[in-house]
Amino acid sequence: MALLSLGPWALGPGPDMETHLVPGARFVDPKVLARIKDLSLMARWVVDGLINGLHRAPHFGASIDFAEHRGYVAGDDIRRVDWRLFARTDKYYIKQYEADTNSNFTVLMDVSRSMGFASQGVSKLEYGSYLAACLAYLSHKQRDRVGIITFDRDIVTHVPPSAKHFNVLLHTLDRAKPEQPGRLLEVLTKVAEHFKRRSIVALISDLYENPADLLETLKPYRFLGNDLVVFHVLDPAEIDFPYNEASRFQDLESGEEVPVVPEVFAAQYRKMIQEHIQTLTTKFSESRIDYVQLNTSKPLDEALFTYLGNRERLMRIR
């Protein structure tokens, strides 16, 4: 049974909450992030705060960032000898560098009408944009090529992965509007043809589709060797259904209005949404696809740590 993306007939934003920013503190609360209009600044602030102090085991390779020296051993490439250090010490030392994974990273961003829903001031699309900007910034710092595809009932914008496309990606997120109904399965099938080269793909959507059909649609991505991370973004009202008074609710995709008596419908709805989330969790786990269910009222920490863990696993594999 398809789930409705339900939003109340008449809702306004809650009272503005005053926030005191403490220098050096890390804030990832979405209501705080909504005050930062510059996505680039926001991404740097969140990510640099998140990874500050985290121990990162270095991997060495051929990137341009110098890491440390080690003693020369037979067979080492003499082009990596630090001759200036040799002049001072009369000893041979090899320069080591942090690894440049040079991956392709692409965000698949759902910008359909249902992503515009917001019960507490931050819509699913805004939250997803904050997440996408942070993930892209993390990848950009790793010197990955970053790109984005936004979609609703069809592809809206396609920015192919490039080392120079971080700012283009942010501009694309800034322009995204939830104006059209979505056709998630059809678009994901169409988009799959763009990922014939191994990539890291982050799908950000509210996933209002049958889990079995969604998994079948995503199988080609995994078959082609892509590393897929699915971020399931929901508004707290879509999870908890906190309404008490009889109201008219609207399916944001079709525009259809439905009269609802909460005391009759609430328990059934909560059970339905939890079963949907649990089925997605199980099926994605069985298919070795990373899945994170996100609440737009909660900080971004879980999503970003999942991505960092994903990158760490990829580094071990390589």
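The values are calculated or read from the model by the stated rules, or taken from the named source; none is laboratory data. All figures in this text were calculated on a predicted structure; none of them were measured in a lab. For neighbour counting, all protein chains shown are included, and Cβ atoms are generated from backbone atoms with ideal geometry for every residue, glycine included. In case anyone asks, the SASA skips ligands and DNA or RNA and just uses the protein heavy atoms, side chains included. Shrake-Rupley method; radii C 1.70, N 1.55, O 1.52, S 1.80 Å.
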Accessible surface, region 149-207, averaged per residue in Å² (probe 1.4 Å): 51
Principal semi-axes in Å for region 84-216 [√(5λ), Cα gyration tensor, largest first]: 38, 17, 12
Mean Cα-pair separation over length for region 78-218, i.e. relative contact order, pairs under 8 Å, 6 or more apart, %: 29
Per-peptide average of other Cβ atoms within 10 Å, ordering 202-208, 182-188 highest first: 202-208, 182-188
Listed peptides 29-39, 286-296 by packing density, highest first (mean Cβ within 10 Å): 286-296, 29-39
Accessible-area composition of region 76-203, carbon plus sulfur, in percent [1.4 Å probe]: 45
Protection proxy ranking, peptides 119-125, 144-150, 229-235, 195-201, average beta carbon neighbours within 10 Å, highest first: 144-150, 229-235, 119-125, 195-201
